[in-house]
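The values are calculated or read from the model by the stated rules, or taken from the named source; none is laboratory data. None of the values given here were measured: they were computed from a predicted structure. Every residue, glycine as well, gets a Cβ built from its backbone with ideal geometry; the counts of neighbours run over all protein chains shown. Keep in mind that these areas ignore ligands, DNA and RNA; they rest on the heavy atoms of the full protein, side chains included. Shrake-Rupley method; radii C 1.70, N 1.55, O 1.52, S 1.80 Å.
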Amino acid sequence: MALLEIKNLHAEIDGKEILKGIDLTVNAGEVHAIMGPNGSGKSTLCHVLGGRDGYEVTQGSITFDGHDLLEMETEERAVAGMLLGFQHPVEIPGVKNIYLLKEALNAKREAQGLDEIDTFTFMKQVRELVASMDMDDAFLHRGVNAGFSGGEKKRNEILQMLLLEPKLALLDETDSGLDIDALKVVSEGINRMRGEERGIILVTHYQRLLNYVEPDFVHVLYKGKIIKSGDKTLAHRLEAEGYQEILEEAS
Amino acid sequence: MTETQELEQLVQREYKYGFTTDIEQEIIPPGLDEDVVRMISAKKHEPEFMLEWRLSAFRHWQTMKEPEWAHVHYPKIDYQALSYYAAPKSQEELDADAPESLDDVDPKLLETYEKLGIPLHERAVLAGVKGANVAVDAVFDSVSVTTTFKEKLAEAGVIFCSFSEAVENHPELIKKYLGTVVPQGDNYFAALNSAVFSDGSFVYVPKGVKCPMELSTYFRINAKNTGQFERTLIIAEEGASVSYLEGCTAPQRDENQLHAAVVELVALDDAEIKYSTVQNWYPGDEEGKGGIYNFVTKRGECRGDRSKITWTQVEAGSAITWKYPSCVLKGDDSVGEFYSVAVGNNYQQIDSGTKMIHLGKRTRSTIVSKGISAGRAENAYRGLVHIGKTATGARNFTQCDSLLIGDRCGAHTFPYIEAKNASAQVEHEATTSKVSDDQMFYLRSRGLSEEDAMNMVVSGFCKDVFNELPMEFAVEAQALLAVSLEGSVG
Ligand SMILES: Nc1ncnc2c1ncn2[C@@H]1O[C@H](COP(=O)(O)OP(=O)(O)OP(=O)(O)O)[C@@H](O)[C@H]1O
Ligand SMILES: [Mg+2]
């Protein structure tokens, strides 16, 4: 059974159709890259998968790990193992990063019928992850994303992913705004997540991330539809030729 | 007629009105006149000066008009329909009108206790269940707790007792300080309180003493039936310091609709007083029915140089709150601080804020006010920063933030600044924000329920104020906030 199966997905925002019939299947163990010009609907797809209010699915179906995803609330999707890494992580002033991490982890544990994690184990685990992301412990005690630089926000998203160990990670332009070293650190984080039981969807504009995290499949999203799918060589082609040729080919 | 005769007569009359142990007669009939004031004083065996003080307050009150505010609406209170004295009840009497057991208590109240994580035996006390104090004794051994704690305070020379005890045992201190911060005629409700106040707390910290523990009314939980006109007086002598916690985070069963308390703080040279309140009286139901009217006058005077007074409050209860804890900064280099979270849900009306009166040189004040409105609540911040002519080099910083949940509630900010000294620096920052969809979606996508997500954003918003609360209070305040905002999402 596929981990994620999207069939003929149509979705609209404020009555405007943005996604116009998407089909996508992600099996456990696979990494998919979704590319496509600005405004083509990549983030919209992520938000629809996350169950955001105001994003209305008008047609189609999504199953995730055997569940009918469209019947689930955002938080239910999260604790069932879906993690959305945001293109623009929002600031939540006054809420310590570490507090959110703990609440998020405990929410997931609760759904699994586990006790709350004890503080000692939690701190140890978090410190290790923070170090692995080349972040300073001080980040844990700052407000969630508050005053973080663009790159710091993205690292923070990966940190959350590493802690929450989702079955499916949807990373929306996690590579944008990263310096060269940070790109490496983030890529290493993603590669650590890679595994038999997990699926990863990378939304990206650049080949450079895909050099570090080799995708099994590459899809091109254009005007709300996947117009072409292929293996990693498709990304190389895009990098070399730009979208024009592929768009023409598809139409 | 001599004073003594008068008193005697009063005592007799008092019997006529029925101050016996008979439960039915325990409460004097409704109505307020000089005789009632005399009766209260006589019943409490107060010294002459106290009676005179009450009477002069009463006479003043009669000349005053009840204030009207633009942002608070309530049906007119008939002061002659209220009863102004209920003798402190014995346990038996308390039990007579108390619920038999937790089974008889409003299930909604119990649900709230559960959410606040209040242990079972404490829930019973708060709900006023029959014999519950006994149960607390058994579990907490509160008698011995109180004793060790009283011994420790006595060793340090700190006086912490009920106001009535203080009048009896330390009349010289009462005479010297009572009404020196909040004069009898200060406002309508303060005048009323001065005439008929029932009881309250008294704290005296002598010169150079750092009070060895946080003082809390919680320790005096069995003295909670002090009624609706509470009076508190806290004095910190030169170099002394004390932290006082008022209230309790659980909603208390309370039959009194009108509360008009007065709190006076006096800080002498280099003294420091920290006064923290978590107020969670019954706010009324979802329709706005019932609930407490809370009209309280709280004022601290930094009488000495380099003294400091900090008010920290979390206001979550009451149907109507009208409250402005204030600081009069008389001493040079004295400091006043006000940290407030006021949360209103359903039909609650809150009109709160502070006054910082700068009189001494280089006096500094900080105001951090966080107003949260949900449902159809109206939340108003009203603040006055007054810089007197003498207050050379005075500084104030005011931060006033409002957070709206939903679109049927309101937030209003009324900052008043009066600067009579050109060297003053006054800064005011104000923001109004909504809990954003982005924030909610982000947190929910991390597995938090809608309510948890909301609570997280809200407590983040309140962080600057919670940080000022003593540790255990901060945790409770957070839980309280969550309960208060229940039903405000989804
Ligand atoms: N709230 C909204 N109301 C109306 N249109 C919207 C809204 N949100 C997004 N859109 C539109 O939907 C389309 C897809 O946007 P989306 O953010 O999904 O693009 P994207 O592929 O992620 O682009 P980028 O590469 O720039 O991040 C855009 O045309 C955008 O303007
Ligand atoms: Mg995007």
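Across peptide B:394-404, the mean count of Cβ atoms from other chains lying within 10 Å of each residue's own Cβ comes to 0.
When peptides B:323-336, B:170-183 are ranked by their average number of other Cβ atoms within 10 Å per residue, the highest-first order is B:323-336, B:170-183.
Leaving out ligands, DNA and RNA, what percent of the accessible area of the range A:4-250 is carbon and sulfur, probe 1.4 Å?
Values: 4940 of 10720 Å².
The C+S portion of the solvent-accessible surface of the range A:4-250 is 46 percent.
Pairs over the 29 Å Cα-Cα cut-off, from the set B:K298/B:K370; B:K150/B:K176; B:K76/B:K308; A:K225/B:K434: B:K76/B:K308; A:K225/B:K434.
For the B and A pair, go ahead and give the buried accessible area with a 1.4 Å probe, both sides summed, in Å² to 100. List each step's numbers first, then the result.
Working: alone 21110 and 12010 Å², together 31100 Å².
Accessible area lost upon association: around 2000 Å².
Peptide packing for B:186-197, A:24-35 was compared via the average number of neighbouring C-beta atoms within 10 Å per residue; ordered from the highest value, the list is B:186-197, A:24-35.
Between the range B:31-71 and the range A:84-118, the alpha-carbon centres lie 56 Å apart. Amide H to amide H, with H built 1.01 Å from N, B:N396 comes under 5 Å of B:S365, B:Q425, B:V426, B:E427, counting only residues 5 or more places away or on other chains.
Accessible surface comparison of B:K65, B:K420, A:K42, probe 1.4 Å, protein chains only, largest first: the order is B:K65, B:K420, A:K42. As an equivalent ellipsoid, the range A:4-250 spans semi-axes of 29, 22, 16 angstrom, where each value is the square root of five times an eigenvalue of the C-alpha gyration tensor, largest first.
Counting only other chain Cβ atoms within 10 Å of each residue's Cβ, the peptide A:94-101 averages 4.
What is the mean number of Cβ atoms from other protein chains located within 10 Å of the Cβ atom of each residue in peptide B:448-460, rounded to a whole number? Walk me through the numbers before you get to the answer.
Numbers: counts 9, 6, 3, 0, 3, 4, 0, 1, 7, 5, 2, 3, 11.
Counting Cβ atoms of other protein chains within 10 Å of each residue's Cβ and averaging gives 4.
If we sort A:170-181, B:436-447, A:110-121, B:369-380 on the protection proxy, mean other Cβ atoms within 10 Å, highest first, what's the order? Before the final figure, lay out each step's value.
On the way: A:170-181: 19.4, B:436-447: 22.1, A:110-121: 10.6, B:369-380: 24.7.
Peptide ranking by packing, descending: B:369-380, B:436-447, A:170-181, A:110-121.
Note on B:W53: accessible area approximately 50 square angstrom, rounded to 10, probe 1.4 Å, nucleic acids and ligands left out.
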